[in-house]
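Everything below concerns the one structure shown next.
The values are calculated or read from the model by the stated rules, or taken from the named source; none is laboratory data. This one's a predicted model, so the numbers in the text were calculated from it and none came from an experiment. No Cβ is skipped: glycine too gets one built from the backbone with ideal geometry, and neighbour counts run over all protein chains shown. With ligands, DNA and RNA removed, areas are computed over all heavy atoms of the protein, side chains included. Shrake-Rupley method; radii C 1.70, N 1.55, O 1.52, S 1.80 Å.
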Amino acid sequence: MAYFFEQPSHTFSEYLLVPGYSDADCVPANVVLQTPAARFKRGEQPPLTMNIPLTSAIMQAVSDDRMAIALAKQGGISFIYVSQPIEQQAEMVRRVKNHKAGFVTSDSNLCPEQTLADVLALKELRGHSTMAVTDNGKPDGKLIGIVTSRDYRVSRMPADLPVREFMTPIEHIVYANEGVSLSEANDIIWEHKLNALPILREDGSLHSFVFRKDYDEHKNQPLELLDEHKRYIVGAGVNTRDYAERIPELVEAGADILCIDSSEGYSEWQERTLAFVRKKYGDAVKIGAGNVVDGDGFRYLAEAGADFVKVGIGGGSICITRETKGIGRGQATAVIDVAAARDKYFAESGVYVPICADGGIVHDYHLTLALAMGADFCMLGRYFSRFDESPTAKVLVNGSYMKEYWGEGSARARNWQRYDLGGAGKLSFEEGVDSYVPYAGSLRHNLEATLSKMRSTMCNCGALNIADLRKKARLTLVSSVSLVEGGAHDVLLKDQTQGFSR
C-alpha cells in the first residue's frame, strides 16, 4: 500500500510570523543578511558566502551575463541558464568575470560612417549619451573617437551628417591603458574633469570605460559580491546529459559555483553528475543539486556530494508539473521538512549543506518566511524576470508594459535536457507555460525595497541575522478568512475610483 503523509502540505501564504521582543539595537540598519552558499564543516568558514540570500533562477528568461553582473553588485548570485550551446554559456560566464567592478564594456558603439540619425537612434535604444566610435563599430574595435551630447546640436546639423565629422577624435581624448587600477582611473577622471575614461589595449582597441557616475555608485554598493581578484561572483547551470563536456568549459571560463538544473533531483543521474565533479575536481568546484521536497531526497544528494540542495517541485509561477504529473509538495512544508533533515545531517556528520528554497515565492514576505523555516537562501525566477536586466523583451500589452517570461519546461524553452527521460531527446509534454509579467523597472531599486521589508520583518522578530531568525521566529498557520483580513478590505481604494464623478 502507498505511503500517506499524515499532514497536508502547506504554502508560504498559509503562514504568518508572530512578532517577538526586539531591543533598541534591533533596527534594520543593523541586520546582516549574509548566508552560506556551499557546504562546510563544523568550526570552519563557508568557502562561498552571499551577502544577500537571493539567487536568480537557471532560466532563459531570467539569468544571462547582464543579470549576473547586476545581481552580484547587490550581493547575490545569478546562475546563467544552461539551455544553450556550451560555448555560448561559457562566454557569458567569461564576460561576467572579465567585467571588473567599475570597468564597463561599451554597449553603445558606432562606425565613423554612421550618421547623426544613428546616434540619436542608439541613444534612444540604450539611454547612454557617451558612445564609442570604433573602426568596426564593435565594443572591441580600435577606438577612433567618442561622441557625447556636447558634440552635436540636432537643430543645426543634418540627420545624415557622418559621425566622423562631429565626433571628438582620439588625438583629443584622454585615455588610460589596460592594467590601470580602478583607483588610478578615477584619479584621472577627477584630474581632467572627465565624465568617461576609455581604457585601451596595447593595440589601441577599446577594452572598457570607467564612468564618473559609477564612482558614487560603487561607493553605494557595499554588498558587492567579489572574488579574491575583485571580479564578480557568478554561477552557472548544468544538466545531467552533457555535464562531462559542459562543466570543464564553465570551470575554465571562471564560474564560481554550478547547479544541476533538473525537474526532480532524487535520481541516479544527479549522483553520476556529482561523482564526475568530485572525481575530476575534488572539492575545488562547488556544485548544487536538486530539486527535492523531502528529507530522503536531501540526504541522498548531500551524501552524493552536493554543495547545496534546491528545494521545490511545482511551485514556480510558470511551472505546471503538479497539474500535468501530480508530483510535488507545498513549498512551505517541503522547506520545513528538508531543513530538519539538513540539521540532522549536520549533527551526525559535522557537515553543513545549505538549502535553497526554489519556487513558491509570491510576495516579498515569503522570502523571510522561507528563511525562518530553515532555508539558507532563495532562488527566484518571476521576481527577477520583471526587471530591465533580464534578457527578455519589454512589450506593450493592453496599454501596460510587460516582460516576456517562460518556463524551462515549456515548448518555447525546448529544454529537454533538464528531464531524466531515459534517453529521449525531446519533450513528450510541457511542464511550463509561456507568459507575461508586469514590467517593474531596475533591479537595484526593486531589490532595495524587498531587502528593506526583510530586514524590518526580522527586527520585528528580534533577529539581526538569519541564524537568529531561525532561533527566534514563531510561525502560525492562518485560516482562509485570516488571509482576507490581512489585506485591505471593506474600503474602496482611491486608485480604483478614477473616473468616478465628484
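Structural remarks
- What the Cα convex hull of the range 58-145 gives, in volume per residue, is 126 Å³.
- Taking other residues whose beta carbon is less than 10 angstrom from the beta carbon of Asn291, and scoring Lys, Arg as +1 and Asp, Glu as -1, yields -2.
- Counting every C-alpha pair in the range 188-254, the share spaced more than 15 angstrom apart comes to 72%.
- Projected onto its three principal axes, the C-alpha set of the range 95-252 covers 59, 39, 30 Å, listed from the longest axis down.
- Helix 243-253 and the long axis of the chain differ in direction by around 50°, with both axes built from C-alpha atoms.
- Panel note: the C-alpha atoms of the chain, placed on their principal axes, show extents of 81, 73, 52 Å (largest first).
- Rolling a 1.4 angstrom probe over the protein heavy atoms with all chains in place gives the range 82-126 an accessible area of 46 Å² per residue.
- For the range 187-324, radius of gyration divided by Kirkwood radius, i.e. Rg to Rh on alpha-carbons: 1.15
- Computed on the range 177-281, with alpha-carbon pairs under 8 angstrom and 6+ residues apart, the relative contact order is 17 percent.
- Here the accessible area is traced with a 1.4 Å probe on the protein chains. For the chain, carbon and sulfur cover 50 percent of it.
- Compared with the direct C-alpha span, the chain from Thr324 to Arg212 gains 35.1 nm at full extension, assuming 0.36 nm per residue.
- Note on the range 28-174: Rg/Rh from C-alpha atoms, Kirkwood Rh, equals 1.14.
- Placing R0 at 30 angstrom, the Cβ-Cβ distance between Glu44 and Tyr3 gives a FRET efficiency of 0.20 after rounding to 0.05.
- Spacing of the modelled spin labels on Val27 and Lys494, each 7 Å from Cα toward Cβ, amounts to 2.9 nm.
- Local electrostatic count at Ala302 - Lys and Arg +1, Asp and Glu -1, tallied over other residues with Cβ under 9 Å: +2
- Using alpha-carbon coordinates, inclination of helix 65-74 to the longest axis of the chain, degrees: 70 degrees
- Only the Cβ atoms of Lys and Arg (+1) and of Asp and Glu (-1) were treated as charged; on that basis the dipole of the chain about its Cα centre amounts to roughly 520 debye.
- For the peptides 41-52, 357-368, 184-195, 226-237, residues were scored by their other Cβ atoms within 10 Å and the scores averaged per peptide; the highest-first order is 357-368, 226-237, 41-52, 184-195.
- Annotation: the range 30-77 has a Kirkwood hydrodynamic radius of 12.0 angstrom, from the mean reciprocal C-alpha pair distance.
- The local environment of Glu113, defined by Cβ-Cβ distances under 15 Å, has a net charge of -1 under the rule Lys, Arg +1 and Asp, Glu -1.
- Once the Cα atoms are used to define both axes, helix 331-349 deviates from the longest principal axis of the chain by about 80 degrees.
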